[in-house]
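Rule-based calculations on the coordinates, nothing more; no lab input. Please read these numbers as outputs of a predicted model, since none were measured by experiment. Virtual Cβ from ideal backbone geometry, glycine too; neighbours counted across all protein chains shown.
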Ligand code: M6R
């Protein structure tokens with residue numbers, strides 16, 4: 001997730017771009033850059049790190065101009081360096097591009113362009129776009145961009161300007177957000193309205209496949225067949241804070257609602273149904289023998305990342321048939337783990353900076369075993385120190401309660417399981433294809449689940465005064481019970497426990513009375529009947545039961561009144577859907593109790609102390 005802004009009008013462009021980038025910095029802050037077109041000359045400034053670095057650099061120059069583009073980056077392809085910072089240019093520096101999204105086929109395009117004589121200056125996927133536009137330019141920037149995007153696979157929101165086509169910005173969108181802001185004698189493009197709200201409230205959203213061309217007088221829109229279309233504007237009534245959160249009340253809510261895109265983006269370019277496989281060669285690239293050599297996997301993490309690791313154990317053992325242990329990072333390093341040749345240590349972390357996880361990684365490295373990180377923040381300490389990294393593509397997670405990062409971690413763990421299974425032949429090709437196709441269907445099912453959040457809000461309004469909650473799950477959904485309980489504890493300050501449902505009879509059942517809400521995860525599958533028995537046990541003790549069940553399950557409706565039905569998917573994939581209502585439940589209960597959802601007391605986003 002990056003942020004882009006473009007301006008053409010009668011104001012000096014630099015302050016407009018910088019103000020806009022300040023509002024967009026929540027989308028990423030690995031690097032920032034601007035380009036300004038002045039008398040057919042392109043001025044380009046880029047800096048690694050936060051926007052402040054760019055601002056300090058710009059103070060040394062007097063840059064004038066009325067048209068330009070800006071970008072703030074959340075790195076996905078290529079390290080967060082100055083060279084990889086946007087904007088990117090073609091060979092001769094005539095075409096400049098800012099981009100938000102992921103170009104899946106950039107390696108193929110890059111190879112082809114290099115053969116044709118193009119010279120590349122960065123490791124980014126974005127740079128191919130500038131070279132494609134250069135290749136297709138025959139005097140018309142709009143046409144060249146429209147032609148170039150036809151070669152792209154993946155997602156993009158683009159802003160393009162050119163010395164050979166002064167006074168115009170060309171914009172294009174597919175799969176990443178882009179809006180056009182309309183005003184008197186000035187027009188804008190931006191990743192979201194927060195960037196331009198200080199100048200205009202009149203906006204038009206570009207839809208997938210659409211392009212636009214802007215100058216200071218107006219904007220023209222084109223559909224995916226490059227035919228000119230009319231689009232109506234809307235007026236935004238949000239205040240600036242709301243705009244930064246995309247109109248959501250809290251970052252946490254926004255991030256829960258972004259999870260379908262997280263799955264899409266994290267799968268992008270790594271999975272293919274036709275080829276029946278998972279492709280992590282770019283990130284891992286181990287030979288078959290190396291994968292065969294892995295005899296044990298240790299997953300190490302903290303908090304929510306630990307819970308995704310627990311699910312990873314079920315998945316890796318089921319898919320790859322490799323024995324797997326999961327450790328809390330704070331325990332792993334002090335228990336003198338018996339690591340040996342053939343072991344793989346996988347650390348899971350959103351921030352890549354968690355002190356306990358970093359220390360556990362160093363412990364593993366000391367013992368000379370292979371290490372791999374599943375991480376969201378590019379070039380973070382853990383990403384740098386690990387032998388291999390597979391990045392989740394969640395964009396910046398602001399809410400202290402981790403939600404979308406968990407989703408991204410699950411995706412990578414499942415991909416890893418399938419990747420190993422492909423080489424070890426531990427799953428049939430048919431089963432791999434079945435799982436891949438179910439993974440590809442997940443984003444739509446996640447969207448459907450999110451659409452039903454009002455049902456969960458009603459539960460929250462009924463139960464927000466309760467002081468204790470129990471969460472029960474079995475098998476691959478036992479860690480989801482733990483995660484649901486953690487979410488409630490950390491943002492609503494309510495005592496909650498997650499339990500493996502089968503363990504209830506060994507103790508926690510004593511807690512159950514008519515005041516205790518119990519969330520039970522009861523999807524259809526191999527442990528369904530067992531979970532039904534657990535539900536009966538709870539009901540016999542007057543506990544308040546709320547069940548997460550599979551759509552179409554009539555049996556459960558006869559047992560329980562409060563059932564939240566989730567779309568059907570493969571049993572092994574149910575955690576992806578089950579976690580969403582539990583995130584919403586914690587969110588809406590916290591809201592009702594007046595808690596600070598995005599910054600809960602005593603917690604920090606990144607725990608860099610032991
Ligand atoms: O950045 P990491 O994934 O390493 O962080 C691990 C935990 O600190 C984190 O998941 C924490 O538990 C969250 N607040 C949970 O919502």
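The table that follows gives values for the structure above.
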{"read-out": "For a label point 7 Å along the Cα-to-beta-carbon line of residue 207, residues of the stretch 251-282 with backbone N under 14 Å", "value": "none"}
{"read-out": "Order by protection proxy (mean Cβ within 10 Å, highest first), peptides 283-290, 61-68", "value": "61-68, 283-290"}
{"read-out": "The stretch 171-250 - percent relative contact order, Cα under 8 Å, separation 6 or more", "value": "29"}
{"read-out": "Principal axis dimensions, the chain - Cα atoms, whole angstrom, descending", "value": "78, 55, 45"}
{"read-out": "Sequence ranges 432-441, 95-104, 110-119, ranked by mean other-Cβ count within 10 angstrom, highest first", "value": "95-104, 432-441, 110-119"}
{"read-out": "Shape parameters for the stretch 545-610, alpha-carbon atoms, Rg then Dmax in Å", "value": "16.4, 50"}
{"read-out": "Rounded to 10°, Cα long-axis angle of helix 574-592 versus longest principal axis of the chain", "value": "80"}
{"read-out": "DSSP beta bridge pairing in the stretch 252-444, given as percent antiparallel to the nearest 5", "value": "10"}
{"read-out": "The chain, helix-only ellipticity at 222 nm - DSSP H runs n ≥ 4, -39,500 (n - 2.57), divided by all residues, nearest 500", "value": "-11000 deg cm²/dmol"}
{"read-out": "Space enclosed by the convex hull of the alpha-carbon atoms of the stretch 441-581, per residue, Å³", "value": "100"}
{"read-out": "Relative contact order of the stretch 437-545, pairs being alpha-carbon contacts under 8 Å that are 6 or more residues apart, as %", "value": "25"}
{"read-out": "Simple spin-label estimate for residue 39 and residue 121 in nanometres, 7 Å along Cα-Cβ", "value": "2.2"}
{"read-out": "Overall Cα dimensions of the stretch 127-200 - principal axes, largest extent first, Å", "value": "37, 28, 16"}
{"read-out": "Per-selection Rg to Rh, the stretch 243-310 - Cα, Kirkwood hydrodynamic radius", "value": "1.11"}
{"read-out": "Beta bridges per DSSP with both ends in the chain, % antiparallel, nearest 5", "value": "60"}
{"read-out": "Between 0 and 90°, nearest 10: helix 355-366 axis offset from the chain longest Cα axis", "value": "90"}
{"read-out": "Range of Cα positions in the stretch 196-315 per principal axis (Å), largest first", "value": "65, 37, 21"}
{"read-out": "The chain - percent relative contact order, Cα under 8 Å, separation 6 or more", "value": "11"}
{"read-out": "Gain in span if fully extended, residue 153 to residue 229, counting 0.36 nm per residue against the direct Cα distance", "value": "25.0 nm"}
{"read-out": "Computed over the stretch 252-444, the ratio Rg/Rh where both radii use C-alpha atoms and Rh is Kirkwood", "value": "0.95"}
{"read-out": "Two-site FRET efficiency, residue 334 against residue 526, from Cβ-Cβ distance with R₀ of 35 Å, rounded to 0.05", "value": "0.45"}
{"read-out": "Percent breakdown of C-alpha pair distances by 10 Å bin, ordered from the shortest bin, for the stretch 35-144", "value": "14, 44, 33, 9, 0"}
{"read-out": "Reference-scaled alpha-carbon Rg (2.2 N^0.38 Å with N residues) for the stretch 3-243", "value": "0.91"}
{"read-out": "Inverse mean reciprocal Cα-Cα distance (Kirkwood Rh) of the stretch 1-67, Å", "value": "12.1"}
{"read-out": "On Cα atoms only, tilt of 478-492 relative to the major axis of the chain in degrees", "value": "70"}
{"read-out": "Where the Cα pairs of the stretch 276-360 fall when distances are cut into 10 Å bins, in %", "value": "17, 46, 33, 4, 0"}
{"read-out": "Protection-proxy order for peptides 177-184, 250-257, 540-547, each taking the mean of Cβ atoms within 10 Å per residue, highest first", "value": "250-257, 177-184, 540-547"}
